[in-house]
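Any read-out appearing in this document is the output of simple, stated calculations on the displayed coordinates, not a laboratory observation. No experiment lies behind these values; they were computed from the predicted model shown. Neighbour counts run over all protein chains shown; Cβ positions are idealised from the backbone, glycine included.
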Amino acid sequence: MACEFDTHFKVFHELMSNKVLEILLVANAYDAFILEEDGSLAAKIINEYRGLNLSRPPRLTRVDNARAALTALQETGCDLVIIMPQWDDMDPFDFGAAIKALKPNLPVIILAHSVVGLHPLPDNKDTAGIDRIFIWTGDADLLLAIVKSVEDRLNAAADTRRAQVRVLLLVEDSPLYLSQFLPLMYKEVVHQIQAVLEESLNESHRLLKMRARPRILVAETYEQALDYLAQYGSYLLGVVADTRFPSSGKLCNDAGARLLLEIKGRIPDLPTLLLSSDPANRIKAEQLAVPFLDKNSPHLFDKLHGFFLDHLGFGDFVFRRPDGSEVVRVPDLHGLEAVLPSVPDEPLRYHAARNRFSNWLMARSEIAFASQLRQVKVSDFPDTAALRAYLIDGIKALRRWRQKGVVIQFNAETFDPATTDFAKIGNGSLGGKARGLAFAASLLRQSHDLFKRFPGIDIRVPATLVIATDRFEHFVADNGLADLPVGRLSDEDIQTAFLSADLPAELERELAAFVNAVRYPLAVRSSSLLEDARHQSLGGLYCSLMLPNQHPDAAQRLKQLVRAVKQVYASAWLTLPRRMTRGTVYAHRREQMAVMIQRIEGRAYGPFFYPAVSGVARSQNYYPFGSISPNDGMAVILLGFSRESGVGLRFCPRFPQLLPSFSSVEDILTNAQRTFFAIDLNHARKTTDPFDTSIWVRRNLADATQEIPVKQLSSVYLPDEQRFRDASGESGPRVLTFSAILKHDHFPLAPLVAELLALGRREMGCDMELEFALALDERAGRPARFSILQLRPMASAGDPLEVALSARDRTEALLYSNNALGHGRWKHIRDIVYARPEAVDASRTMDMAAELARINARLKSEQRPYVLIGPGRWGTFDPWLGIPVKWQQIDGVAVMVELRSQALKADPSFGSHFFHQITSHGIAYLTIVESSRDRIDWQRLNQLPAESDGAFFRQVRCDHPLLIKCDGRGSECAVLTDRHASRFG
């Protein structure tokens, strides 16, 4: 038996003959960096190939644009082209067609950040040049899934013919859901193979078993699924099908049910699963007697995992009687061999007759023996004893191959903070926030000219340690936190559960080594997968803590750090983040959290620790003034730590001397920063509580006039002369003007920030945001230190088409703004919610927010995005300056309009986390100013039919969708009704 078994294994050398060895990535530097650092493409492929003893891993070559890619394809070959369409020299579909003209059989994949403009595909697009479209969701496993999917499609026909390799069929036409499901299915397959590798004894058999894993094929239409059924029906391991996908060229609401009915008629015992985003389709699954999964279920991944375990033969082998009752279950081949002698005849023959042993072995990549079992029938044996002996002998032959492998990225024994700027614990993702910082570090390493232009400045990222997302998963699993009924628990209860849980012992040992090596203050910050994402940002929703890290006892410092890490972990499951993902494609996805432990920038001045400058800068200034253009960017800076919103001096890095808030002596005296935040080191050395906010002290500027930052960044006010003198040695009352770094050459802050914004914009391929801190020192040999704390993309919105406005658009618009944020064209919105001007009452804005929340909830439940028009500042903390809504009270909005009226006078909401949420969700934001070119046609608006008319807000619904054109480059937007929009289509 063993000899026959080994002979069959020789066929595995012929499997996977078509491999993806060369990948051409067409992407800008930032997108490529995301794939490398967040997706860890090269590292994951190399680690997997090494861990499984596979041969040469794919090599990734990147080019910046389509022309360079076509040149590279003519000069050298490749096996796969991945297009990330964040460049503008050629339409990606035209580019795909050009590639196919050169190499008709070369796989071409689009990997985009959003489905906008890609699904459903525009009617005028020729998609023949693109094999498949995927959406980057922050899942590091998607990249490997793309490579594996291409290889499976190329090899399935030959490999099923040569070795009867099993096939899993996924029927799904949505790029977004395909990008969610396919990595999970491959992860299940790979985890299954990795688990059974423990049963391998020699390296060559490891290689062969990995090559024999089940192939996953994707069908996007009913006809394609039937073709696969005809070709691979005898090799199918299972079918996972959506309910709604194209059939006969049109979307068919019951295509999935019809397909599974056809399959059951041909292969009655084949495991199948019906998916749908509509829970009502569960009835169709029940009629077919097949499992059903709701795509929007928060437990989707767990239930899909259960399908693999219970129906596809993954995981334990469960002996059952014909009535479904369980007899015994075994986790591996050793266990199966152990129970086979004692399993009753009835369940043994039951499973053998239905090819359950073969399926289970196929799922474990035991192709040779599984293929043998597939060919034999129960009737081939004289009795059950002979069948039993056949199975036992075969399993004995399989139990010769075992292997284990551990990859360690952080070495507690060799960690040296003096030479380590960026370290990573674990093998998972860095998360959104940390990947931006890692990209910044990468840019700095490559930007030698930057340091030449700014000599004597230590430009850096702070020393950072990232605990990758896989350690969070281990923490949750080890403590049974996945079973917490988070929907029924308060935030306080969730935090208590997390804080009482234990970190994995290995992680705690690594953190102990880190704490023993560093004594500087630490920021413990969240870095979730969705944080700072371009189209679904959850930035600002999670926990970040500052630790003084000053206690003399290292054990106490470790205790503080461990507690802080668990607090950040807990924030992933709190109410607000979960609410923010509700109704999105991520609703079913349990958030994964990385933790970034970062050195806090600053210096000690006596007992106080603080940075000279904290700031944020953006490459796009959506609210320019004077001669400043949007592309000149903007920045906000302040002295000390930033712990309050709305504080700081706003300026343009290219024109730092143009300061609207400092336009006069009176303005300077009124608007200048008077207090700042610092860490009290004396108190910090005594406290053992990581949540002790008393380490923070608000200091008056007058109490710090002898400290270097205040001396260098302030000016002396001369009341008799009604002017300021910038000399730091002058005596008199000091006012924080930042003149030394904005007007003079003490430190070139503005040109450095402008250079970094230009560099980041160029390499990221989009507008970006930079957080930074500056430490000043006048002592010789200690240069000023400029630290990049965060680098992230600014989000864009809408359909990426040309949206230039005509003169007729501006005059015929229902409303027009020449102060608009966002870019794109919207053609599906019919609802408008607006505050009736006569009902606006500054003393009742809290009531207005409550009424708006009810309208929003109803429209969101109806899946009707809307235009929102209201007075004053949206999301303000001061109810007298506007309507103090929270994000969840308006999260169904598509376009927001801020009216600067006589009733409520307030500046737009510059730079808040609330405003970042708006831009991250691709929402157009308009400001309409009275007595300007802006206009709103109240007469036409009031004539529209009302769906609801409350105390403050009126909701109207148009007969036809509005056309909304927002030109982000020109900072203008027009909302057109159907009679004016019909010519646009």
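Some observations on this one:
- Placing unit charges on the Cβ atoms of the charged side chains and taking the dipole of the stretch 317-398 about its Cα centre, the candidate lying farthest along the positive direction among L387, V330, S358 is S358.
- Taking Cβ atoms as reference points and 11 Å as the exclusive limit, the residues near V108 contribute a net charge of +2, counting Lys and Arg as +1 and Asp and Glu as -1.
- Equivalent ellipsoid, the stretch 425-600 (semi-axes from 5 times Cα gyration tensor eigenvalues, Å): 29, 22, 13
- Placing a pseudo-label 7 Å from each Cα along the Cα-to-Cβ vector at K886 and M846 gives an inter-label distance of 1.4 nm.
- Footprinting exposure proxy for L576, L962, L143 (fewest neighbouring C-beta atoms within 10 Å first): L576, L962, L143
- Over 25 Å (Cα to Cα) - which of K452/K743; K424/K566; K125/K827; K424/K686 fall in this group: K424/K686
- Positive minus negative residues near D478 (Lys, Arg vs Asp, Glu; Cβ under 14 Å): -4
- Cβ crowding within 10 Å, taken as a proxy for footprinting-reagent exposure, orders K100, K433 from fewest neighbours to most as K100, K433.
- Listed from fewest to most Cβ neighbours within 10 Å, the set S528, S248 follows the order S248, S528.
- For D269 and R579, the difference between the fully extended length at 0.36 nm per residue and the C-alpha to C-alpha distance is 107.5 nm.
- Convex hull volume per residue for the stretch 608-793, taking Cα atoms only, in Å³: 140 Å³
- For the stretch 296-396, radius of gyration divided by Kirkwood radius, i.e. Rg to Rh on alpha-carbons: 1.00
- Derived scalar couplings between HN and Hα for the stretch 133-140 equal 10, 10, 10, 6, 10, x, 7, 4 Hz in order, rounded to whole Hz, by the Karplus curve 6.51 cos²θ - 1.76 cosθ + 1.60 (θ = phi - 60°), x for Gly and Pro.
- Approximating the spin labels as points 7 Å out from Cα along Cα→Cβ, the E506-to-V339 distance works out to 2.9 nm.
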